[in-house]
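K.L.:
Here it is: the structure, laid out below.
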Amino acid sequence: MMLTEQMTLLAKQAKAASRELARLTMPEKNACLLAMATALEQDADAIKQANALDMETAAKNGLSSAMLDRLKLDDKRVAVMAKGLREVAALPDPVGKILDERTRPNGLKLQKISTPIGVVVIIYESRPNVTADAASLCFKSGNATILRGGKEAMHSNQIIAQTMVTAGKIALKHFPEDAIQVVPVAGREAIPVLLSLTQYVDLCMPRGGEGLIRAVTECSKVPVIKHYKGVCHVFVDAEADLKMAEEIVMNAKVQRPAVCNAMETLLVDRTVAEQFLPAIGAKLFAKHVEIRGDEKALVNLKSQISNFKSAKLKPAAEQDFFTEYNDYILNVRVVDGLEQAIDHINHYGSSHSDSIVTRNEAHAKRFLAEVDSAAVYWNASTRFTDGGEFGMGAEIGISTDKIGARGPMGLDELTSYKWIGIGNGQVRT
């Protein structure tokens, strides 16, 4: 079968499945999700075996350690996938909500009702847990999903999706098996073909590196919800609790550096730099973080270099402040106060997630109001920008767009709406 025919068939099947999904009740959808969660746990060994094949190939192809970490599935991560499905099942049904209602002077009743979007294409790299997260959220919100994971996770993605579909068919006789599909070809040439099928595909959500997301956005003929990159900041204010700041900085950078909500630039107020930077520098060097600093930061960090044989400290270039590393690399800049910190973030940032550490409420409120990002924090790590952490259940993605969804995207963000008019013979005059 030619690629165009193959993608068209996939999209047609998804469109038909989306109509079947619209007829499922909330108890039916929840029963399927719970069955899928149990199946993932029961099939954990087979899932890990498939993942081991992907890990072996990825390692041979020179995938970085950070990317290998994103790819790896172990018992804990399989359990987290299953937990995510159960959390989605426990959430209210986002479909059929009355968002607005009014009665016009002529007696016509109008209701604004939440509805599924239809067919959603998810394009992502490395992390196979996205397969379960995305499929479960789309299923619960009544959307058919077409999943196109990276070639490095092909075996993992296929077995996760098939496990979920098989469990759904057992749980529900009229389960629409084409509601969850994985693109069966590894090459990127399938993407523009799939995203040209506007009569079947309603929305695309790319997750991955900036290059992938820009390529998808440029070729797509269907709407795209996205964020290009996560250049996230933590600003340590002059009135920060420095012990708290150390904990937040370490969490934001090293807990999981390969994710989009990890900190890439640390900003420190000049008045506390001499005290704070040597202390945090020692902790970062101990975790093998390479630091790229401005002139003032380098002066305060050099005192720690001799204590760590493998410590890497170098001057930051202009381009570094625009860069999402997804690795153990951190920019550090000393700033002259709150205004300069805000200006830096709004210039170099990616409108993703940024945080201020301070005891000063006025400083915090100004930061929260003026930093133009999807998620802004006061005395908390940027790592909380996540659907699960926001209480949305599993997350389908994070948007930095300003029209439509913004920030972590859960069930509500996967719905559209329509107006329903109920009359008794009204005609317009």
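All of the numbers you see were taken from the coordinates with simple rules; none came from a lab. Nothing here was measured: the structure is a model prediction, and the numbers come from that model. A quick note on method: Cβ atoms are made from the backbone with ideal geometry, for glycine too, and the neighbour counts reach across all protein chains shown.
K.L.:
From the phi angles alone, apply the Karplus equation (6.51, -1.76, 1.60; θ = phi - 60°) to region 329-340 and give each ³J(HN,Hα) in whole Hz, x where the residue is Gly or Pro.
P.N.:
9, 9, 7, 10, 9, 8, 10, 8, x, 4, 4, 5
K.L.:
Oh, and also: Which value does Rg/Rh take for region 1-41 over its C-alpha atoms, Rh per Kirkwood? Write down the numbers at each step before the final one.
P.N.:
Details: Rg = 14.4 Å, Rh = 12.2 Å.
Here the Rg-to-Rh quotient is 1.18.
K.L.:
Also, I was wondering about something else. Can you tell me what the convex hull of the Cα atoms of the chain projects to on average, as an area in nm²?
P.N.:
Mean projected area of the Cα convex hull: 24.9 nm².
K.L.:
Let's test the formula: R0 of 41 Å, r as the Cβ-Cβ distance of GLU41 and THR271. What FRET efficiency results, to the nearest 0.05?
P.N.:
On the way: r = 52 Å, r/R0 = 1.27.
Rounded to the nearest 0.05, the efficiency is 0.20.
K.L.:
Still on this structure, please answer the following. Test of understanding: what is the full-extension gain from ASP412 to GLU5, defined as 0.36 nm times their sequence separation minus their Cα-Cα distance? Please report the intermediate quantities before stating the final value.
P.N.:
On the way: separation 407, 0.36 × 407 = 146.52 nm, distance 3.29 nm.
143.2 nm is the gain from fully extending ASP412 to GLU5.
K.L.:
With axes computed from alpha carbons, what is the tilt in degrees of helix 361-370 against the longest principal axis of the chain, rounded to the nearest 10 within 0 to 90?
P.N.:
It is inclined by approximately 50 degrees.
K.L.:
Taking only Cα atoms of region 303-429, what ratio of Rg to Rh do you get with Rh as the Kirkwood inverse-distance radius?
P.N.:
1.18
K.L.:
Quick check on the chain: of the DSSP beta bridges with both residues there, what percent are antiparallel, nearest 5%?
P.N.:
For the chain, the DSSP antiparallel bridge percentage is about 30.
K.L.:
Using helices alone, what [θ] at 222 nm do you get for the chain, with -39,500 (n - 2.57) per DSSP H run of 4 or more residues, divided over all residues and rounded to the nearest 500?
P.N.:
Helix contribution divided over all residues of the chain: -13500 deg cm²/dmol.
K.L.:
Applying the Karplus parametrisation 6.51 cos²θ - 1.76 cosθ + 1.60 with θ = phi - 60° to the phi angles of region 177-188, what ³J(HN,Hα) value in whole Hz is obtained for each residue in order, glycine and proline being reported as x?
P.N.:
5, 7, 5, 10, 10, 10, 4, x, 10, 8, x, 6
K.L.:
Please give, to one decimal in nm, the separation of the simple spin-label points placed at PHE390 and ASP327, each 7 Å out from Cα toward the Cβ.
P.N.:
Computed distance between label sites PHE390 and ASP327 equals 3.0 nm.
K.L.:
Pop out the Kirkwood hydrodynamic radius of region 1-140 from its pairwise C-alpha distances, inverse of mean 1/r, in Å to one decimal.
P.N.:
For region 1-140, inverting the mean 1/r across all distinct Cα pairs yields 18.0 Å.
K.L.:
Starting from the Cα of GLN199, step 7 Å along the direction of its Cβ; do the same at LYS287; then give the gap between the two resulting points in nm.
P.N.:
5.3 nm
K.L.:
Oh, and also: Enumerate the calculated ³J(HN,Hα) couplings along region 8-18 in order (Karplus 6.51 cos²θ - 1.76 cosθ + 1.60, θ = phi - 60°), each rounded to whole Hz, writing x wherever the residue is Gly or Pro.
P.N.:
5, 4, 4, 5, 4, 4, 5, 4, 5, 5, 5
K.L.:
Still on this structure, please answer the following. Determine by what factor the alpha-carbon radius of gyration of region 115-177 differs from 2.2 N^0.38 Å, reporting the quotient.
P.N.:
Rg over 2.2 N^0.38 Å, computed on Cα atoms: 1.10.
K.L.:
Please work out how much length the chain gains when fully extended from LYS312 to THR25, using 0.36 nm per residue of separation minus the C-alpha to C-alpha distance, in nm with one decimal.
P.N.:
Values: separation 287, 0.36 × 287 = 103.32 nm, distance 5.68 nm.
The span from LYS312 to THR25 would gain 97.6 nm if fully extended.
K.L.:
May I pose another question? I'd like to compare 298-309, 347-358: which one has the highest average count of other Cβ atoms within 10 Å, and what's the full order after that?
P.N.:
Details: 298-309: 15.2, 347-358: 24.5.
Per-residue Cβ counts within 10 Å, averaged per peptide and sorted highest first, yield 347-358, 298-309.
K.L.:
Something else now. Taking N as the number of residues in region 235-295, what value does Rg over Cα atoms divided by 2.2 N^0.38 Å take?
P.N.:
Dividing the Cα Rg of region 235-295 by 2.2 N^0.38 Å gives 1.06.
K.L.:
Right, next: Pop a pseudo-label 7 angstrom from the Cα along the beta-carbon direction at both GLN340 and SER64 and give the gap in nm to one decimal.
P.N.:
So the two model labels end up 2.9 nm from each other.
K.L.:
To the nearest 0.05, what FRET efficiency results for THR57 and ILE403 with a Förster distance of 45 Å applied to their C-beta separation?
P.N.:
The calculated FRET efficiency here is 0.70.
K.L.:
Follow-up question, since we're still on this one. Can you give the extra length, in nm with one decimal, that the chain gains between ALA90 and GLN255 once fully stretched, where that is 0.36 nm per residue apart less the Cα-Cα distance?
P.N.:
56.6 nm
K.L.:
How far is helix 129-140 tilted off the main Cα axis of the chain, in degrees rounded to 10, range 0 to 90?
P.N.:
The answer is roughly 40 degrees.
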